[in-house]
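What follows is a set of notes on a single structure, which appears directly below.
Read-outs: derived from the displayed coordinates by stated rules, not from any lab. The model shown is predicted, which means the values in this text are computed figures rather than measured ones. All Cβ positions, glycine included, derive from the backbone under ideal geometry; neighbour counts span all protein chains shown.
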């Protein structure tokens, strides 16, 4: 699905509570921002996971969540986009690989999101497979997983974004947190017990985290407020 569709689910998965009253004044957040405080992490997760898939499959033609089913069928040379009904042709799966003939839907790791994602995967596959040629039927992808870390200051707390694909086509992600440990390397801190990401941290640094991840993948400028490091999956192996 597109970015707009998952934001409400994301906020629910992070607690579905009101935004902290002073969040618009917190450092790392634009003073005039009206974004839901958890939306930045949802966008960051979708973008990072999508980019990682393309990096892991450099010989594939990969469509991310800006491409509709109609575009995927036409530009992926899968079949006849006119066979898609008007009710489904504008739907946008999160990741579609037209070489390996697989797709993935990205969701937060909670039961409600899992059920929603499972239904979406089924609808996308049913619609696509009505329009593609018999030798290009798609299935839900498997075996896709990864992890990255954000360090906001030397020796400070670490944020982790991790994802896995527990069932065909459904990739689930989770944000977690490691406590500060001065004079410890990021890998030593990463080895600590994972905790839920504190809500105050999300409100304060969610927007900054999104910007830093985009910059780490070469999709934007490094925010001047960010003085730390982003450790991508290639660094975590």
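The figures follow:
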read-out	value
Listed peptides 150-161, 173-184 by packing density, highest first (mean Cβ within 10 Å)	150-161, 173-184
Distance from segment 216-236 to segment 156-191 (C-alpha centre basis), Å	15
Cα shape, segment 55-140, gyration tensor, a/c 1.5 rule	oblate
Relative contact order (%) - segment 55-140, alpha-carbon pairs under 8 angstrom, separation at least six	31
